[in-house]
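The values are calculated or read from the model by the stated rules, or taken from the named source; none is laboratory data. Small disclaimer: the values here were computed from a predicted structure and weren't measured. Here the Cβ is made from the backbone with ideal geometry for all residues, glycine too, and neighbour counts use every protein chain on show. Note: accessible area is taken over every heavy atom of the protein model, side chains too, but ligands, DNA and RNA are not part of it. Shrake-Rupley method; radii C 1.70, N 1.55, O 1.52, S 1.80 Å.
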Amino acid sequence: MSDPLVDQLTAACVGAVTGDASLAGMTTLRVGGNARVLVRAECDDDLAAVGAAAEQHGVGVLVLGRGSNLLVADAGWPGIALVLGNGFRGIEVVPRAGGGAVVTAGAGEPLPAVAVMTGAEGLGGFAWGVGVPGTVGGAVVMNAGAHGGELSDVLVEADLFRLRSRTRETWPAELLGLGYRSSSLPADALVVSATVVLAAADAESVKAELAEVRRWRQEHQPLEHPNCGSVFRNPPGDAAGRLIDDAGLRGLQIGGAQVSTKHANFITTGPGATASDVLEVLAAVHARVLEVHGVDLVSELVVVGR
């Protein structure tokens with residue numbers, strides 16, 4: 001029996017539309033259920049079709065970047081999952097008088113690709129991005145950062161597509177409410193591109209900085225296992241990983257999910273793992289750190305679904 005939501009989107013969208021689509025492989029944790037429908041949008045008209053269908057059928061829209069901080073419930077997502085396709089990629093570099101450049105990147109562009117490309121162009125201030133396995137759009141939403149840098153340091157504006165009004169808007173960075181791993185974007189706002197200003201830098205120096213970020217990640221993070229990046233925000237003046245480690249939780253395992261033995265602020269998954277396993281580990285860590293240290297850790301992980 002056909003699904004009217006799937007049929008409507010298939011007829012309206014240029015990009016691919018898939019009903020009852022698995023989302024596990026679209027998250028870095030590699031767990032979770034299916035979406036009622038998955039749309040790979042290639043243009044603004046596709047986004048408008050998604051906004052109209054969501055409103056008409058009374059369902060939510062889940063925007064997927066590279067799924068690096070996302071946990072989909074085992075029962076899945078009952079609405080529309082949306083991925084930005086190649087139509088929302090690309091990097092444009094416009095030199096500035098006096099040095100440096102204005103760089104605009106599509107929201108679907110991987111952050112490491114922007115870091116490598118801008119470094120090769122002799123631009124500094126973005127090398128930290130090579131260590132963040134997300135997209136430009138996700139980086140705006142979460143004000144992504146690593147190794148002493150974050151997007152708000154260089155962001156000047158973002159283009160948003162409003163799903164309710166089906167229109168584009170350009171917002172200066174100061175209106176986005178960017179904080180530590182957070183923003184205050186309207187619920188119906190989808191980031192479609194972002195513009196940063198980068199200073200001139202020695203290309204070889206930036207290349208060395210990129211290599212050092214990669215080396216540090218390889219040495220200190222469990223890249224050999226599925227994971228979602230850092231699970232908890234660092235509390236003021238401390239590190240979540242240290243608190244978790246000192247609470248004796250390194251290596252804690254429930255089902256197929258485990259606190260990483262390499263970095264205690266990471267949860268990894270193995271064969272047979274479920275989203276419920278991850279949630280149980282998350283809850284156990286939170287409770288134990290609160291008991292031992294009196295610190296109420298705040299999760300960076302976005303949990304969605306039934």
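So which residues in the range 176-224 are in a loop (DSSP other than H, G, I, E, B), without any contact (Cβ under 8 Å) to a residue 24 or more places away in the chain and over 18 Å from Asp159 (Cα atoms)?
The answer is Leu223, Glu224.
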Strands (runs of 3 or more DSSP E) completely within the range 69-128 that count 1 or more residues being of a type outside the set (A, V, I, L, M) and at negative phi: 77-84, 91-95, 101-106
Is there any pair linking a residue in the range 225-241 that is closer than 19 Å to Val31 by Cβ and part of a loop (DSSP other than H, G, I, E, B) to one that is open to solvent by 40 Å² or more (accessible area, probe 1.4 Å) and not β-branched (Val, Ile, Thr), with Cβ under 6 Å and at least six apart or on different chains, and which? Pro226/Arg30; Cys228/Asn69; Gly229/Asn69
Only one of Val94, Val140, Val102 that is crowded, with 17+ Cβ neighbours inside 10 Å and modelled with pLDDT of 95 or more: Val140
Suppose we keep only residues that are among the hydroxyl-bearing types (Ser, Thr, Tyr) and part of a loop (DSSP other than H, G, I, E, B) within the range 7-34. Which one would you say is surrounded by the most Cβ atoms within 10 Å (Cβ to Cβ)? Thr27
Could you give every pair whose Cβ atoms fall below 6 Å, whose first residue belongs to the range 95-116 and is without any contact (Cβ under 8 Å) to a residue 60 or more places away in the chain, and whose second residue is open to solvent by 40 Å² or more (accessible area, probe 1.4 Å) and part of a loop (DSSP other than H, G, I, E, B), counting only separations of at least 6 or pairs across chains? Gly108/Arg89; Glu109/Arg89
Yes/no for Asn69 being among the polar types (S, T, N, Q), open to solvent by 40 Å² or more (accessible area, probe 1.4 Å) and touching a helix residue (DSSP H, G or I) at 6+ places or on another chain (Cβ under 8 Å): yes
